Every structure is written in C-alpha cells, then in structure tokens.
Amino acid sequence: MGPLLLLTCLSYRAGPPAVHVKAAAAPGRGGTLTPASRRPVILHPFRRMVAMKGRVFTEFFAHVEACHGADMVDDIIEAARLPHHGAYTSTGSYPFQEMVSLVTALTEATGQPLPVVLEAFGTHCFESWVGYAPQYFATSRSLFDVLEGIDQFHETEVRKLYPDAELPSFVPERRDGRTLVLGYRSCKPLAPLALGVIRGAAAHLSQPVALRCEPAEDARGPYTRIHVELLRPAG
C-alpha cells in the first residue's frame, strides 16, 4: 500500500506500546548534522500522538533516497538517533516522535523548510496511490472528481485493512467551474502534506492549479480549508 498510510493517519491515541525492531546500526555517512539532542523539536502537536505504522517510515526512506540519494537516508537516521537504528517492519508500530526526528533531520540536512519537505512527500504519496489503485485516479476523471473521491478511497482501500486507523477527511465545501474548496481534517497538522497530494493529483491529470490554505473552525472544531483553483479550464 505504501505511503497512503501517512496521509491516512495510522497513529493511535491509545493502544499497545510501540514495537521496536532490533538490528545492527547502519553506518552513517557525513557526520555533519547537529545531534538530535541539541536540535529544537518541531511539529509540537505531534507529541500527543502515540504510534505510527512502520510502513510510513520505510516509504519515507524510499522517498528520501529517490530525491536525495541513499547517503542522505543514512545521514538522517544517524542524526535522528533512533533507538533501533532505523530498522522498521511495515506492520510494526513506532512512536510518532521518531518521524518528527527524521523530518527535522531532513530539513536541516537539505536546508528546505518543513512545509516544502512535507509537500514533496505528499506528492510522492499520491504517485504511489496511482500505482496501488489506478481505478480511483484515471486520467479520464476530472481533478475535482478525483479530489472529492479521496475519502471514498480511504474508506474502501484503507479501512478494510486498518479498521482502527484515524482517517483524515477531505470534505467538499464549495465547487464551481474553476474552484474547489475542501475542508481538510486530520489527527495531525499535516496541511502541507495534503497540499502535496493535491499537487500530485494535478500533475497526474496535467491540470495546473493554485492552492491556498486558511484556518477554519466549526462545531466539530478547527480544521484547514484548502482552496484549489484551476489555472486553465479542464479539458
């Protein structure tokens, strides 16, 4: 299934302890990154989360290797000072703070801001979805139809495998010929990653877009409102 697990929020607010896989430490390369113990902790709201599936981590490593090379994977694992040296099983559960440490290490190693790092991974997520379930993302469908169908994709393809997952939601709020407004809710503040998914869909369908986020709130609480504007009429 790949990285759809990250966007679908496979972390649990309660449940069994994280499973750590013991393995020999992978040799690090470079050795120039700031030690994790001296780095400021970012993504503060994530501290409340308990566990994340190991497949998220392995897909993140695949993304980093594709974009920055295998040496970078070794570097961020070393910088994050993970208790199991970056060895993950796809079905195991691990503290979400480990993902925070890895993302922090990548932002420092590349000099890229956090939103840029998350958005790139979101695009990687969408590309993987296309390979896994192409029927949801056929190029004969419009971009807005694809985006409005993400929740159905989650419920159909994810819920049956991970019934306890806290799934995010992309709820259409308004749509016309040029603009779609989505209400994005998630158990983690990952709006940049959601934007990456949307950009991946737009690229897949050859439909350039302009994106804008704004905070919103209703009776259910705060969420992110995403405005998707087509830069040319859909063909």
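Taking H placed 1.01 Å from N in the peptide plane, check which residues at least 5 places from A51 or on another chain put their amide H under 5 Å from its amide H.
Those qualifying (amide H under 5 Å, at least 5 residues apart or on another chain) are Y12, F96.
Would you mind listing how long the stretch 106-158 runs along its three principal axes, going by Cα atoms, in whole Å with the largest first?
Principal axes ranked by extent give 38, 22, 17 Å for the Cα atoms.
Could you pull out every residue, at least 5 positions away or on a different chain, whose amide H is within less than 5 Å of the one on R225? Hs are placed 1.01 Å off N in the peptide plane, and Pro or chain starts have none.
Placed amide hydrogens put Y184, E214, A216 under 5 Å from R225.
Applying a 10 Å radius around every beta-carbon, put 208-215, 118-125, 77-84, 63-70 in order of their mean neighbour count, most first. Could the numbers behind the result be given before it?
Values: 208-215: 13.4, 118-125: 23.4, 77-84: 20.0, 63-70: 16.0.
Result, highest mean first: 118-125, 77-84, 63-70, 208-215.
Determine how large the accessible area of T107 is when every protein chain is in place; take a 1.4 Å probe and give Å² rounded to the nearest 10.
Rounded to the nearest 10, the figure is 20 Å².
The values are calculated or read from the model by the stated rules, or taken from the named source; none is laboratory data. Since the model is a prediction, treat every value here as computed from it, not as a measurement. In this analysis, Cβ positions are derived from the backbone assuming ideal geometry, glycine residues included, and neighbour counts consider all displayed protein chains. These accessible areas exclude ligands, DNA and RNA; they are computed on the full protein's heavy atoms, side chains included. Shrake-Rupley method; radii C 1.70, N 1.55, O 1.52, S 1.80 Å.
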